[in-house]
Each structure stands twice: as structure tokens, then as C-alpha cells.
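Participant: Dumping the structure here so I can ask a few things about it.
The values are calculated or read from the model by the stated rules, or taken from the named source; none is laboratory data. This structure is a prediction, so every number in the text was calculated from the model and none was measured. Every residue, glycine among them, receives a Cβ derived from its backbone with ideal geometry; neighbour counts consider all protein chains shown. Remember, those area values only see protein heavy atoms, side chains included, never the ligands or the DNA or RNA. Shrake-Rupley method; radii C 1.70, N 1.55, O 1.52, S 1.80 Å.
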Amino acid sequence: MSIFRPMMALLAALLLAACSASNMGQMEVDENGETVTKVYSNNSLLGSRISIADLKQKKVGDLLYVQATLENDWKFQLDFQYKIKFFDADGFELQPEAQPWRQVVMAGRSMNSVKAIAPNPSAVRFEIWVQE
């Protein structure tokens, strides 16, 4: 249990640093080993209106495939962009230009699936970013 606290502190620091740059969503594992999905945002309105209802990943051949179900928790339409970024085991982003920003328009209280496939086999993790 004592090893989890320093790891959680490091994870929290990394997440806060990333959140200050832009809006981000990603999958995490809590101290009980359960998967938690969150949307992080430096835009409090957008962050409070979008959540991740479901998040899946699998290998297609040797490439990481990601599918997320985003939920508009607000009663009105939202118009925003998303991008799924892939990272290697050392934390380097893989081919940032390979994943373009994609426009999404969601009706109030609706869900929408977004997906992407890693640009190469060295991808081991991903982040889902959103912006207005």
C-alpha cells in the first residue's frame, strides 16, 4: 500500500501538468485496481459537460485500437473537437501529425463513439483530448 501513495502523487502531478496545457481525458487505474475514466479540462464548462461513458482498447494486428463513448451531460448541443494521442513506453508522443483534430457535434444528453488506431506498433498508451 505504501508504494501506491508515491505513485499516485506522481500520477496526480503529471495529470495536473497535462491539464494546464489543454483538455484531456484518459483511462486510469485507482488504488483499488479499478479502471476510472475522467475528462480533464482547463475549460471548466467543457470539462463539466463531457464525460467518458465507456472506454475500450484492443490490438488489431500489432496496432493499438481505441474506442471511447463520450457523453454530453448537458441538455444543449455541444460542438467541439477531439484528438486521440498515442505514446510509446518512454512517454513520447507518436507521430502527432498522424492524428488530426476531428469535429464532433453532440445533441444534448447524447452519446457518441470516437475511435482511432495507433500509427505504429510501439504505442502502449493513449490520451483523449478535447477542445472547443
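Participant: Rank these residues by their accessible area, most exposed first, probe 1.4 Å: Arg125, Arg49.
Facilitator: These residues rank, largest area first, as Arg125, Arg49.
Participant: Could you look at the stretch 88-132 and say what percent of its accessible area is carbon and sulfur, using a 1.4 Å probe and all protein chains?
Facilitator: The nonpolar share, carbon plus sulfur, comes to 51 percent.
Participant: How much accessible area per residue does the stretch 66-117 have, in Å², with a 1.4 Å probe?
Facilitator: 56 Å²
Participant: Of the peptides 100-106, 68-74, how do they stack up when ordered by the mean number of other Cβ atoms within 10 Å, highest first?
Facilitator: Peptide ranking by packing, descending: 68-74, 100-106.
Participant: If I stretch the segment between Lys56 and Val105 completely, what's the gain in nm (0.36 nm per residue apart, minus their alpha carbon distance), one decimal?
Facilitator: 15.5 nm
Participant: Hey, what does the equivalent ellipsoid look like for the stretch 84-132, semi-axes from the Cα gyration tensor as sqrt of 5 times each eigenvalue, largest first, whole Å?
Facilitator: 25, 10, 9
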